[in-house]
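**Q** Supplied in structure tokens, the structure appears directly below.
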Amino acid sequence: MPGQPSPIETMPNQILGTIHTVLHGRAQPYRHMDGRPGGLSAIAKQAVSGPVRATALGLEGDEQGDLRVHGGPDKAIHHYAREHYEAWRAELGELPVLAAPPAFGENFSSTGVTESDICLGDQVRAGTCLLEVSQSRQPCWKLNVRLGVADMALRVQRSGRTGWYYRVLKPGMVQAGDELQLMARPHPEWPLSRVIHLLYTDVLNLADLRALSKLPLPASWEKLVGRRLDSHSLENWDRRTLG
């Protein structure tokens with residue numbers, strides 16, 4: 001994806017897609033692939049029947065195992081495109097965990113919208129909630145365990161099929177079948193596909209990093225982008241991707 005892409009065209013009250021499943025889960029003990037204790041994780045979620053409330057800290061009934069790196073207002077809800085499952089099955093085979101969400105620990109499984117169709121900072125209405133795209137997902141080692149593939153986190157970030165997070169700007173109720181309606185797009189030149197390409201492929205594109213740094217980013221991303229700009233070097237991913 002060389003160069004700056006054309007801004008995504010935006011239509012008034014555009015429907016981006018439809019939520020297929022809403023999911024939440026409780027944090028449970030989790031282990032590394034080699035059996036070492038890995039703290040807690042709620043990556044194995046369950047589908048919710050009927051409406052569920054979304055608050056500033058996420059869906060009611062949903063938990064995070066490690067609040068240092070998961071959850072909080074900037075990662076309140078995790079969204080993953082159902083379309084990606086077919087691509088993963090083609091790559092990895094018919095793994096049982098890929099039969100249905102939430103293979104990737106998602107809260108929303110949808111059709112109609114992927115990382116190429118949604119931008120950093122987009123405001124989206126779902127049910128009676130107003131959400132804001134805060135960042136793409138930075139895959140971690142727990143995906144390796146979840147799918148039984150030793151380099152799954154690296155595969156996810158290389159593929160660009162990472163999923164993304166929302167802030168909850170207006171709490172409300174959401175359920176399967178709700179449409180995702182675009183309410184505002186302040187940064188049409190920054191689809192998540194471009195962000196992901198910069199984070200994991202074109203990693204020292206200083207011009208794009210400077211442009212990204214001018215956007216309202218989560219604090220952790222401000223630090224990441226700032227370090228790359230200051231050092232002209234890439235951070236080490238091993239702790240995040242290998243555990």
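**Q** Across all directions of projection, what mean area in square nanometres is found for the Cα convex hull of the stretch 114-243?
**A** Convex hull of Cα atoms, orientation-averaged projection: 8.6 nm².
**Q** Quick one, what does Rg over Rh come out to for the chain if you take C-alpha atoms and the Kirkwood Rh?
**A** Computed over Cα atoms, the ratio is 0.94.
**Q** Expressed as a fraction of 2.2 N^0.38 Å, the rule-of-thumb size for a compact globular protein of N residues, what is the C-alpha radius of gyration of the stretch 176-243?
**A** For the stretch 176-243, the normalised Cα radius of gyration is 1.33.
**Q** So which residue, out of Arg227, Arg36, Arg137, gets the largest mean-square fluctuation from a GNM of the chain using Cα contacts under 10 Å as springs?
**A** So, out of Arg227, Arg36, Arg137, the one fluctuating most is Arg36.
**Q** If you count only protein heavy atoms with a 1.4 Å probe, what accessible area per residue comes out for the stretch 94-136, rounded to a whole Å²?
**A** Per residue, the stretch 94-136 has 26 Å² of solvent-accessible surface.
**Q** Given the options Pro171, Pro73, Pro29, which has the most mean-square fluctuation in a GNM of the chain, springs set between C-alpha atoms less than 10 angstrom apart?
**A** Result for the chain, Cα springs under 10 Å: Pro29 fluctuates most.
**Q** Here is a further query. Give the carbon-plus-sulfur fraction of the accessible surface of the stretch 196-243 in %, rounded to a whole number; probe 1.4 Å, heavy atoms of protein chains only.
**A** On the way: 1400 of 2700 Å².
Carbon and sulfur atoms account for 52 percent of the accessible area of the stretch 196-243.
**Q** What FRET efficiency, computed as 1/(1 + (r/R0)^6) with R0 = 22 Å and r the Cβ-Cβ distance, is obtained for Arg89 and Ser116, rounded to the nearest 0.05?
**A** After rounding to 0.05, the efficiency reads 0.65.
**Q** Next question. Report Rg (one decimal) and Dmax (nearest whole number) for the stretch 5-75, counting Cα atoms only, units Å.
**A** Every Cα atom of the stretch 5-75 included, Rg and Dmax give 16.7, 51 Å.
**Q** Still on this model: GluC sites (Glu not before Pro) within the stretch 1-84: which are DSSP loop residues with at most 11 other Cβ atoms inside 10 Å?
**A** Working: sites: Glu9, Glu60, Glu63, Glu83; in loops: Glu9, Glu60, Glu63, Glu83.
Sparse-neighbourhood loop GluC sites (Glu not before Pro): Glu9.
**Q** Beyond 14 Å, what share of the Cα-Cα pairs of the stretch 84-148 remains, rounded to the nearest whole percent? Don't skip to the end; give the middle numbers.
**A** On the way: 1405 of 2080 pairs.
Result: 68 percent of Cα pairs exceed 14 Å.
**Q** Accessible area per residue for the stretch 175-243 in Å², computed with a 1.4 Å probe and the full protein assembly in place, what is it?
**A** 50 Å²
**Q** For the stretch 1-143, which whole-number percentage of the solvent-accessible area (1.4 Å probe, protein heavy atoms only) is attributable to carbon and sulfur atoms? Provide the component values of the computation, followed by the final result.
**A** Details: 3420 of 6460 Å².
Using a 1.4 Å probe with all protein chains present, the stretch 1-143 comes out at 53 percent carbon and sulfur.
**Q** Sticking with this one: Which is farthest toward the positive dipole end of the chain among Leu180, His232, Thr128, measuring Cα position about the Cα centre, with Cβ charges +1 (Lys, Arg) and -1 (Asp, Glu)?
**A** Final value for the positive-end residue is His232.
The values are calculated or read from the model by the stated rules, or taken from the named source; none is laboratory data. Quick caveat: nothing in here was measured; it's all calculated off a predicted structure. Using ideal geometry, Cβ is built from the backbone for each residue, glycine included, and neighbour counts are taken over all protein chains shown. All accessible areas refer to the heavy atoms of the entire protein, side chains included, with ligands and DNA or RNA removed. Shrake-Rupley method; radii C 1.70, N 1.55, O 1.52, S 1.80 Å.
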